[in-house]
Each structure stands twice: as structure tokens, then as C-alpha cells.
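Trainee: What follows is a single structure, and I will ask about it in a moment.
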Amino acid sequence: MILDLLLAITILAVAYAVASIFYPLLAGGAGYTPTPRKKVVEALELVELGRDDVFYDLGCGTGAVLVEAAKRCDHVRGIEVEPIRWLVARIRARDAKVIMGDLFKQDISDADVIFMFQYRGGINERIARKIKGEVRPGARVVSYLHPIDGMRSVRKLNDIFVYEI
Ligand SMILES: C[S@@+](CC[C@H](N)C(=O)[O-])C[C@H]1O[C@@H](n2cnc3c(N)ncnc32)[C@H](O)[C@@H]1O
């Protein structure tokens, strides 16, 4: 009986782990890898995040970026489509507003600074189209690891790219 229960729990856990990899891909975004803390700090410095900015992490994962951003900024928001990551981010980043949902369906028109760690070759460009259509001119976008094709970065530090709308 106990063995059956353990087996069922194990199967469910494995199924969830597999589904959580594919679910974000179905929603049109990257899978999960957190940005290393050193890179988060460099990105927030390079994009000159200020206390009064409205900051978004599009696909905030477990909240690594939100935690650092909240040390420098009073209006931190994250959007995450995968429920367990969303929950972890909510618990970790208490000073941030963490929204569960598809980033492509959220209103981000109040953004001053946007962080993204998604994928090159389609996803970044789709996100960039949404940003350009919604966000005020002068807003800044910082992309970790993958540049945005078709946009010229105004600043760059190794694998961190900053753009202005
Ligand atoms: C590479 S991880 C980056 C996590 C976090 N931003 C960081 O840098 O540590 C990408 C995240 O985006 C989420 N994601 C992918 N597509 C999404 C979508 N359409 N809407 C919201 N989140 C999405 C994934 O679930 C994943 O947690």
C-alpha cells in the first residue's frame, strides 16, 4: 500500500517536472534556467534601474531577478506562466508583485525597465514586438544571454544587452 502510494507520488512528480519544461514552451517562451546573481546585479546596473522605475521581469522563474531588483526599486513586477515557479517567486520576492500568467497576455504599458531572459530566434523578437507596441518611448530593456535580433543595443556587457524603445 505504502509502496503504491510512493510510486504514484514519484510518477506524479516526474510527470510534473517534464510538463513544467514543456508548458512554457507551449506558451511561447523559454524553459527554466535562473540568471546567476552576479549577472543579475550587472544587468540591473547596466540598465540603470532607479528607485521610481516600474520594473518587469518577463518570465520571472523563481524570482532571482525580482529579489535583487526590489533592493533598488520600489515597483517590481514579475510575470510567470509556470505555477510552481510563480509560487516560489511569490514567497521569495515579498516586495514584488508576482503575476501568474502568460506574459504575452499581460498589460505592461506602465514599464520603465524590462528584464528578459528568454530565447533568441523568435521568442525575443515576439516579446520585442509586444514591448514596442505597448511601452512608452524611452523605456529600457535588458536581455540576458540572448540579444534581440533586429534591435540595436545601446549598451552591452559581455552577454548582457540593453536596448531603448
Ligand atoms: C530562462 S528562465 C528565466 C527566469 C528568470 N527571469 C531569471 O532570469 O532567473 C525563463 C522563464 O520564463 C518563463 N516563461 C516562458 N514563457 C513564458 C510566458 N509565455 N509567460 C510567462 N512566463 C514564461 C519560464 O517558465 C521560465 O521560468
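The values are calculated or read from the model by the stated rules, or taken from the named source; none is laboratory data. Model, not experiment: these values are computed from the prediction. When we count neighbours, we look across all protein chains shown, and the Cβ atoms used for this are built from the backbone with ideal geometry, even at glycine.
Trainee: I'm trying to understand the selection: among the residues of region 102-126, which are in a loop (DSSP other than H, G, I, E, B) and within 11 Å of the ligand (Cβ to nearest atom)?
Mentor: ASP102, GLN106, PHE117, GLN118, TYR119
Trainee: Only one of ILE84, ILE114 is among the hydrophobic types (A, V, I, L, M, F, W, C) and modelled with pLDDT under 95. Can you tell me which? Quick ask: steps written out before the conclusion?
Mentor: On the way: ILE114 fails: modelled with pLDDT under 95.
Within the list ILE84, ILE114, the selection yields ILE84.
Trainee: When you go through (1) surrounded by 15 or more Cβ atoms within 10 Å (Cβ to Cβ); (2) farther than 18 Å from VAL40 by Cα one by one for VAL162, which number turns out not to apply?
Mentor: (2)
Trainee: Here's a follow-up. Checking LYS38 against (1) in a loop (DSSP other than H, G, I, E, B); (2) surrounded by fewer than 19 Cβ atoms within 10 Å (Cβ to Cβ), only one condition comes out false. Which one?
Mentor: (1)
Trainee: Determine whether GLY61 is near the ligand (Cβ under 7 Å from one of its atoms) and crowded, with 20+ Cβ neighbours inside 10 Å. Even if it seems obvious, please write down each step before you answer.
Mentor: On the way: near the ligand (Cβ under 7 Å from one of its atoms): yes; crowded, with 20+ Cβ neighbours inside 10 Å: yes.
Considered against the rule, which asks whether it is near the ligand (Cβ under 7 Å from one of its atoms) and crowded, with 20+ Cβ neighbours inside 10 Å, GLY61 comes out as yes.
Trainee: Tell me the residue from ARG77, ARG94 that is loosely packed, with under 15 Cβ neighbours inside 10 Å and either in a strand (DSSP E or B) or basic (Lys, Arg) (or both), please.
Mentor: Working: ARG77 fails: loosely packed, with under 15 Cβ neighbours inside 10 Å.
Residue meeting the stated conditions: ARG94.
Trainee: Please go through (1) without any contact (Cβ under 8 Å) to a residue 24 or more places away in the chain; (2) more than 10 Å from the ligand (Cβ to nearest atom); (3) outside any helix (DSSP H, G or I) for ILE99 and return the number of the only condition it doesn't satisfy.
Mentor: That leaves (2) as the condition not met.
Rundown of residues vs (1) in contact with a helix residue (DSSP H, G or I) (Cβ under 8 Å, 6 or more places away or on another chain); (2) farther than 23 Å from ALA17 by Cα, yes/no style:
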| residue | (1), (2) |
| --- | --- |
| PRO83 | no, no |
| VAL98 | yes, no |
| ALA111 | yes, yes |
| PRO137 | no, yes |
| VAL141 | yes, yes |
| TYR144 | yes, yes |
| PHE161 | no, yes |
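Trainee: Checking LEU87 against (1) surrounded by 22 or more Cβ atoms within 10 Å (Cβ to Cβ); (2) within 14 Å of the ligand (Cβ to nearest atom); (3) not charged (D, E, K, R), which single condition isn't satisfied?
Mentor: Result: LEU87 fails condition (1) only.
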